[in-house]
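The values are calculated or read from the model by the stated rules, or taken from the named source; none is laboratory data. Note that this is a predicted model, so its numbers are computed, not measured. Positions of Cβ are backbone-derived with ideal geometry, glycine not excepted, and every protein chain shown enters the neighbour counts. With ligands, DNA and RNA removed, areas are computed over all heavy atoms of the protein, side chains included. Shrake-Rupley method; radii C 1.70, N 1.55, O 1.52, S 1.80 Å.
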Amino acid sequence: MPSLVLNRVERGRYLDSVALMHLSQRLAALPGIEGAALMIGSPSNKVLLRDAGLLAAEGEDAGVNDLVIAVRASDESAGRRALDSALKSMETRDASLPGEFLRSRTFAGALDRLPRANLALISVPGDFAALEARKALGAGLNALVFSSGVPLEEERALKRLANEKGLLLMGPDCGTALIAGTPVAFANAVPRGDIGIVSASGTGLQEVSCLIARMGAGVSHGIGVGGRDLDERVGALGTLAAIDALESDPGTRIVVLISKPPAPRVAEQVLERLARCAKRSVVCFLGLDRPGLATTLREAAELATGKKLQEEKLEKRKIKGRVHGLYCGGTLCSEAELIFRRLGLSGHRFVDLGDDRYTRGRPHPMIDPEIRNDYLATAAADPAVGVILVDVVLGYGSHPDPAGVLVKNQVTKTLVASVVGTEKDPQMRSRQVARLRDAGVLVAPSNAHAAEWAASLVS
């Protein structure tokens, strides 16, 4: 019997993208549901739903102020139950918000409720994110734009506007920040300290901040700038503004900068600015081998703290076959691939499952690590694969038990993992590590260690 696609449109209903991803994950796990997504009915989102095979006629008629609930079900009754469940979950969520939780349907109304606010977090469809960011900047607020899909020229214009006003524009596509000790979006529970971080990578910021915490230090602020900030066309406008902010912050003693390799002119501009900074700096441009720069995220954390991450010895053995990396964090995936390249190893594969091609119409694997399971089973069944390399990312916004999801596969191949997180995270790092080790997974102290361990097993 062919699958059935059902949509329900909630007129004038809005939820932020993180809440929608969590609800999508719950629906997809219901009996008889083969796929599910909840999205605002913008033109770009309808394209995503259509490409994912989740758009029906009712969803086609949705407008930009409407919420589309979409399911692909084995039969109509399962689909109808899932749609009803989504509505009930939204109603329960609204009712469960504490009484002191302030709500408003407009930015102006929100500002009236919180007149002393100095930061706006913007999580709306990318088609509207620039407009909301301009409202925030115009009202004198710093802005963190979680939304993706903002045109590059709009990003540059917004960052120029922020600079003119002496404000910070974090993002677009900024998924992680630590502002004055407060985790924002996908971030971890990290103690306050005197190390400031500027990062064009969400999971890069998470890894470095967590390693800093595990070495007994803390973070003053972790400022995300979005993955395109060091592109030639944006010119590091957000990065340079963040460096200025940390230099003037009395609580910051050291500045750490994390990014994939910038455009050459932009790299020189940023390094020249840091050379003039009154505070000590550590730079990790992953993939740019240059004297004085950290070559891994681990090394960046160690240089910032002046300490070495505690080593753990791996039992010497050799395994036939190649390494297959299955990652939730794009920068962690890039770091592992880079380590293999530096070691002169080829023929191995590294997959970033958080890339858009794997998440169209689905939650990010940090929210729903079940996405990785099918790829894990395929790699485990491949006789050419000897070692599977994975990351487990904890923190606010992430799945409550990613280790549990991973180990239920009972993979017989050698599995090497790193766990990004702290003891104060909701998932508690030590519990996640113990769960993995109890299942026979080799857990390394950092992502760089995990890549090095995997390399040593097959080389």
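Quick rundown of the values:
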{"item": "Helices (runs of 4 or more DSSP H) wholly inside region 340-459 that include at least 1 residues being in contact with a Phe, Trp or Tyr (Cβ under 7 Å, 6 or more places away or on another chain) and either among the aromatic types (F, W, Y) or open to solvent by 10 Å² or more (accessible area, probe 1.4 Å) (or both)", "result": "none"}
{"item": "Every pair of residues 6+ apart whose Cβ atoms lie under 8 Å, when the first sits in region 263-287 and is surrounded by fewer than 21 Cβ atoms within 10 Å (Cβ to Cβ) while the second is polar (S, T, N, Q)", "result": "L274/S281; K279/T252; G287/S334"}
{"item": "R116 vs. criteria touching a residue at least 60 places away in the same chain (Cβ under 8 Å) and either in a helix (DSSP H, G or I) or not hydrophobic (A, V, I, L, M, F, W, C) (or both)", "result": "no"}
{"item": "Options R192, R134, R214: the member that is more than 22 Å from the chain's Cα centre (by Cα), open to solvent by 20 Å² or more (accessible area, probe 1.4 Å) and not hydroxyl-bearing (S, T, Y)", "result": "R134"}
{"item": "L38 being in contact with a Lys or Arg (Cβ under 7 Å, 6 or more places away or on another chain) and either among the aliphatic types (A, V, I, L, M) or within 18 Å of L23 (Cβ to Cβ) (or both)", "result": "no"}
{"item": "Filtered residues of region 8-54 (kept if aliphatic (A, V, I, L, M), assigned to a loop (DSSP other than H, G, I, E, B) and open to solvent by less than 50 Å² (accessible area, probe 1.4 Å))", "result": "L15, A52, L54"}
{"item": "Filtered residues of region 434-453 (kept if within 13 Å of V390 (Cβ to Cβ) and in contact with a helix residue (DSSP H, G or I) (Cβ under 8 Å, 6 or more places away or on another chain))", "result": "L436, A439, V441, L442, V443, A444, N447, A450, A451"}
{"item": "Residue pairs meeting the criteria (Cβ under 7 Å; at least 6 apart or on separate chains; first aromatic (F, W, Y) and at pLDDT 95 or above, in region 326-347; second part of a helix (DSSP H, G or I) and crowded, with 24+ Cβ neighbours inside 10 Å)", "result": "Y327/C333; F340/A451"}
{"item": "Unique residue being of a type outside the set (A, V, I, L, M, F, W, C), touching a residue at least 40 places away in the same chain (Cβ under 8 Å) and under 23 Å from V150 (Cβ atoms) when the list is R228, R214", "result": "R228"}
{"item": "Single unsatisfied condition, L293 versus (1) of a type outside the set (G, A, S); (2) free of Cβ contacts under 8 Å to residues at least 24 places away in the same chain; (3) within 23 Å of T378 (Cα to Cα)", "result": "(3)"}
{"item": "Pair list, Cβ under 6 Å, 6 or more apart: region 300-321 residue at negative phi, other residue open to solvent by 90 Å² or more (accessible area, probe 1.4 Å) and β-branched (V, I, T)", "result": "none"}
{"item": "Condition check for S209: surrounded by 24 or more Cβ atoms within 10 Å (Cβ to Cβ) and under 19 Å from T182 (Cα atoms)", "result": "yes"}
